[in-house]
Every structure is written in structure tokens, then in C-alpha cells.
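What follows is a set of notes on a single structure, which appears directly below.
The values are calculated or read from the model by the stated rules, or taken from the named source; none is laboratory data. Keep in mind it's a predicted model, so treat the numbers as computed, not measured. Note: ideal-geometry Cβ built from the backbone for every residue, glycine included; neighbour counts use all protein chains shown. Surface accessibility is based on the protein's heavy atoms, side chains included, excluding ligands, DNA and RNA. Shrake-Rupley method; radii C 1.70, N 1.55, O 1.52, S 1.80 Å.
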Amino acid sequence: MFLQRLKLIQFKNYLQKEFAFGRGFNCLSGSNGMGKTNVLEAICYLCLTKSCRGLQDRQLVLHGKDFFRLEGDFGKEDFSVKAEEKLEVVAKVIPGKRKEISLNGVPYTRLADHVGCIPLVFIAPEDHLLVMEGGEVRRRFLDLSLSQIDHTYLYELMKYNKLVKQRNYALKQFAEQKRFDATLIQGYNSQIAPLGDLIFHKRREFVEEFLPHFLYYHSLITGGKEEVSCVYRSSLEQAGMAELLREQLDRDRLLQRTSMGVHRDDLLFSLSRKPLRKFGSQGQIKSFVLALKLAQYRLLFEKKKVKPLLLLDDLFDKLDASRVLNLLQLLSKEPFGQIFITHTESEALRILFAESGIESPVHYCIEPGSVQKL
Amino acid sequence: MNYPSKFLEDAVMAFASLPGIGKKTALRLVLHLLQQDKDKVDEFMQAISKMRHQLKHCKKCHNISDQELCNICANPSRDPSLICVVENLRDLIQIENTGTYKGLYHVLGGIINPLEGIGPEQLNIQSLIQRSKEKEVKELIMAISPTIEGDTTIFYIARLAQRPELKISVLARGISFGGELEYADEITLSRSIKARRPYGQT
């Protein structure tokens, strides 16, 4: 996939701006706070129907305005017939009132249907949180990958989450009212169980396929000197979801929530058989999450048979010159396609590309009040 | 808006509290009533007041009714072996309007949704279970939307009501009548394929 044209209207700090991008590297340079990342945010929104940084719609509107609109003209290369399909995605959003996303002029009745249509991988400075924070961010990483690959996964997950929430509320009410209705809980269990088993199965299969790619990219980035692993942990490894719900019922009633299930899953990252979070250095963690993201890209590419868009926000920050050059060489080869890079120094970027011998990129320089194509 | 009279303002506000009516429409209605004969307005008021005070709920199916039993339950030509379970009056009226259903109803008054604080005990579920135990009842038709809350409610009732002679069915789910496959979403379509039926039985 590649993005040819992007138009932002009243989005973040842009009143109205249009960009034309190339099929290889695209660079956005400018000082801090000029809105480089906002352009990436807009691309993300058109692909995933929401902010990649967890921002609310009302935080995406230009200050003082009541709506924003994004337009993107995407091209989809079909390798089998060597033809290109055009996809025009438009997002019209009035926060709190209306949110419409349309593909080639036809609005989606369910936004989730769009997720995965244009696969995307976003590499951001805050990716180290994948290692540092709780299981929720790692489940989100799994879910974002799987929902782009598997069309029904997102529905199953949303249904599962809602059912668990209802079950938890029921448990809470029983505790407050000092009574218990086994039939109602059975009703939730019987709906949750098949979904939980399905999600567990899909996640396990995903991690199995993901792991070789991860190890490949990690050794490529670090020179293969470190022993790393990424293991999927789920309470469903011991027993099926139905059994867990049944066995844990007394505990669930006490805790007033559902204590076991795929909503408690996690990925264990380790370095030389020790937990990465405790024993990894800044640089080791950075290489680790970069390999995670590149493997995510590779698997999306294999499954979707199209090249995802790759967004690199401020990646070269904190990396030494030789690593940056290595990374650029890697990204300029197959399977990588269209890539967006943000950087604070426009001159440094220019020199970097000149040294690497890669064809010079489309380069936008973002300055106060103006965006210039170099 | 400024009104020349406090009485007028109160009346406008009363109308504006109704769903779908804004202040402008409310003012138009109030000015219309102002031009009517006083008797007519009294009649109008009485119609509303009577509706609220005199209207009963059928003791059998919880449909609205003027008597103890609603006119569906009291109608001897309706088939008492069938009970169609609906969420609310609106759904009952919609099914009645199809003119194809000849059995009786049971109005739950909502569906189970702990998030909104609605548990089984707030709904007319106990009376339904009692009814379903009567010998003449052969089938419960669950005419409840296939949402998470709807499915939970169906499961709950089915579990409590089950006995060997009682058939429990749900409405058919799949491609809508006159719908084109092209516009059906994948989930509906895959469900329709799983629940396909022998040709000629529709």
C-alpha cells in the first residue's frame, strides 16, 4: 500500500494542508512542536480509525474548531495481476456527535470493518512502554496486529470484553445485594467461553508465527550477540475458558470481577533468560521493541499480501550514526515499501540519505506557519 | 426566549419536556391550544390524564390494557400454546402489525443489563416462568434483538423455563427480506450460510 495524497482540514495544528508523497522514503523535518507527528497521526487515523497515541477525537481538532476532516488517496498494488487499485479514504469527525469514515465514497456502517483494509505499523519514541508498562499495552500490541490480519478478531474481542464487563457488574451487584443468581452467571459463562477459547487460540497462533521474524530482525539489528525471547502467557494454557470460569467462581465472587481469562494475557520479554524490563539497558530495550515492530510489519505483509505503511516517529533520536545507516539500508530493501520518517534536523537527514546511496526521498520541511516541499 | 406570560412559559416548558419536541414546536402547540375552546382543551387534558391513570397492565402478559386482561389475552381465537417473548411494547406492536402471529405475548419490560443496573428481578421474568409451566403452553418464541444483552436474556429465560415438552425458539437471523448479498456484512452472511434452510420451506 502507499499513500499518494493526504489532506488535513482543521486537524491538530493544521487549518488546511495537502501533502503529496512518494512510494519510497518520505521525510518530515522541523523543530519541536511544529506538527511532524501530527501528520503521522492523521495517516494512522485514516488506517485504524483512531489515534495511534490513544488521543480522544476532541483532542485532534484544531483548537477552537468543531470538526476535522482527513482525506487520503491510497494505492494498493496487487502483485498477482500487476495492477493498482485506488482507495479513497475520507474521515469526517465532529467530536461527540458524528464520526464517519468512507471508502471510495461509501460510508462504513461499522468502523471496525475498515481496520486492516490499509495495514500500518507505527514506530514511536514511546514504544519502550511496551516493555516497561503492564500487560495491557502488550495485549494492545497483539490486538492491533491481529485485528489488522483477521477480520473477525476485533468483533470477537469487543464482544468478549463487553461480556466480561457485564459479568463483572453482575458480580458486583450480587455482592452489594448479598444474593447470587447462578443462572445469570452461567448465561455469561456460556457466551464468554467459546470467545475466550477462540481469542486464546488466535493469539497463540499469532505469536508462534511472529517469533521467527522477531528473532531474525533482532539478530539483524544487534548482530546476533544477545539471546532474546518473547513468550505468550495465558491462563488458558492450563484449562479451557469454560473450566476456568467454573473453577474460579468462588474467587470471582469474592473479588467481584472475572479473575482469569484472555483479558489477563501477557507477553513475557526476556534477555539472556532474565526479564528485559529489569535487566535491559536503554539501548537493548530500544533494539528489542524495534525488532518487535519490524516483525509485526513482516507478518502483516505475509498475511495481507500487501506492504503495510511504515511510520517512524523520531526513530533516529538516541541512535548513533552507524546504526542509523544500517537501519536505513535495511528499510530500503524488500519487504519494506512506503516509509514515513520524522526528524528535527532537515540538513542531517539530507546528508544521511546522500551517504546511504538510497534514492533521495520526498522531503517536507515543516516550519512555523509554512510547510515547504524541498 | 422571553414569554409575555408565566402561564404560557410553563405550558411551553411542559411540552418541550416531551421527546422530539423543541421550544419552538412547543410554542406552536401551546399557541394552537390557546385558540381552541376551553372545553376542547379540557377534553384534551382529560384524555391524557385518563390514559395515565386508568391504563392497566395486563396481569397475564404485561401488555397495556383497559381491563385486567388485555384484548390479545382475552381473545379466544388466539392460540394459547404459543408465547412470543418481547422486550417492550414497541416490539409487540410491531409484531402485531405484521398480522401473521396468532399466539399470545409476554412483555419483559427490558432486557438484562447489569451495566445499566437492570437485573432479572427488575423484569417480568418470574411471571413468564410461571406461565411457561402451564400445560397448554407448547412453545416460547424469543423475539429479542440478538445483542449481547439480548442473548444473555434469552439464555437466562431458556435455562429457567426448560422442560422436555416445551419448545424454545428464536427469531431467524440472517439476510433481510429483499436484501442483496452484496450489501450484507460478513458476519451476517457467514451466519446465514451456517443457518441455511432446505429450499421451499420459507
Just checking, does region A:230-239 include any residue being touching a residue at least 12 places away in the same chain (Cβ under 8 Å), open to solvent by less than 50 Å² (accessible area, probe 1.4 Å) and under 29 Å from A:L330 (Cα atoms)? yes
Failed item in (1) of a type outside the set (F, W, Y); (2) touching a helix residue (DSSP H, G or I) at 6+ places or on another chain (Cβ under 7 Å); (3) touching a residue at least 40 places away in the same chain (Cβ under 8 Å); (4) farther than 29 Å from A:G337 by Cβ, with A:K172 passing the rest: (2)
Looking only at region B:115-139, how many residues end up being in contact with a Leu (Cβ under 8 Å, 6 or more places away or on another chain), within 14 Å of chain A (Cβ to nearest Cβ) and part of a helix (DSSP H, G or I)? 3
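From the list B:L31, B:L82, B:L55, B:L69, exactly one residue is of a type outside the set (K, R), free of Cβ contacts under 8 Å to residues at least 40 places away in the same chain, more than 27 Å from B:K6 (Cα to Cα) and surrounded by 12 or more Cβ atoms within 10 Å (Cβ to Cβ). Which is it?
B:L69
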Taking A:L276 and the conditions (1) more than 30 Å from A:L87 (Cα to Cα); (2) surrounded by fewer than 16 Cβ atoms within 10 Å (Cβ to Cβ), which numbered condition does it fall short on, given that it satisfies the others? (2)
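Please state which one of A:Y188, A:Y153, A:Y160, A:Y108 is within 22 Å of A:G261 (Cα to Cα), within 14 Å of chain B (Cβ to nearest Cβ), free of Cβ contacts under 8 Å to residues at least 60 places away in the same chain and within 26 Å of the chain's Cα centre (by Cα).
None of the other options fit; the residue is A:Y153.
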Looking at (1) assigned to a loop (DSSP other than H, G, I, E, B); (2) open to solvent by less than 10 Å² (accessible area, probe 1.4 Å), which one does A:L300 not meet, given that it meets all the others? (1)
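Say whether the condition of being touching a residue at least 12 places away in the same chain (Cβ under 8 Å), over 13 Å from the mean Cα position of the chain (by Cα), more than 10 Å from chain B (Cβ to nearest Cβ) and open to solvent by 60 Å² or more (accessible area, probe 1.4 Å) is met by at least one residue in region A:131-149.
Taking region A:131-149 and keeping what is touching a residue at least 12 places away in the same chain (Cβ under 8 Å), we get A:131-132, A:135, A:138-139, A:141-149.
Restricting the remaining residues to those that are over 13 Å from the mean Cα position of the chain (by Cα) gives A:131-132, A:135.
From what is left, the residues that are more than 10 Å from chain B (Cβ to nearest Cβ) are A:131-132, A:135.
Now narrow it down to the ones that are open to solvent by 60 Å² or more (accessible area, probe 1.4 Å): A:132.
Within region A:131-149 (the criterion being touching a residue at least 12 places away in the same chain (Cβ under 8 Å), over 13 Å from the mean Cα position of the chain (by Cα), more than 10 Å from chain B (Cβ to nearest Cβ) and open to solvent by 60 Å² or more (accessible area, probe 1.4 Å)), the answer is yes, since at least one residue qualifies.
To keep it simple, each residue is scored yes or no on (1) within 27 Å of the chain's Cα centre (by Cα); (2) free of Cβ contacts under 8 Å to residues at least 60 places away in the same chain; (3) assigned to a loop (DSSP other than H, G, I, E, B); (4) surrounded by 16 or more Cβ atoms within 10 Å (Cβ to Cβ).
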| position | (1), (2), (3), (4) |
| --- | --- |
| A:F316 | yes, yes, yes, yes |
| A:S322 | no, yes, no, no |
| A:L327 | yes, no, no, yes |
| A:K333 | yes, yes, yes, no |
| A:F340 | yes, no, no, yes |
| A:I351 | no, yes, no, no |
| A:A354 | no, yes, no, no |
| A:Y364 | yes, no, no, yes |
| A:Q372 | no, yes, no, no |
Taking the condition of being acidic (D, E) and either more than 10 Å from chain B (Cβ to nearest Cβ) or in contact (Cβ under 8 Å) with a residue 24 or more places away in the chain (or both), how many residues in region A:175-185 meet it? 1
If I filter region B:169-183 for residues that are within 12 Å of chain A (Cβ to nearest Cβ), hydrophobic (A, V, I, L, M, F, W, C), more than 22 Å from B:D91 (Cα to Cα) and out of contact with any Asp or Glu (no Cβ under 8 Å at 6 or more places or on another chain), do I get at least one hit? no
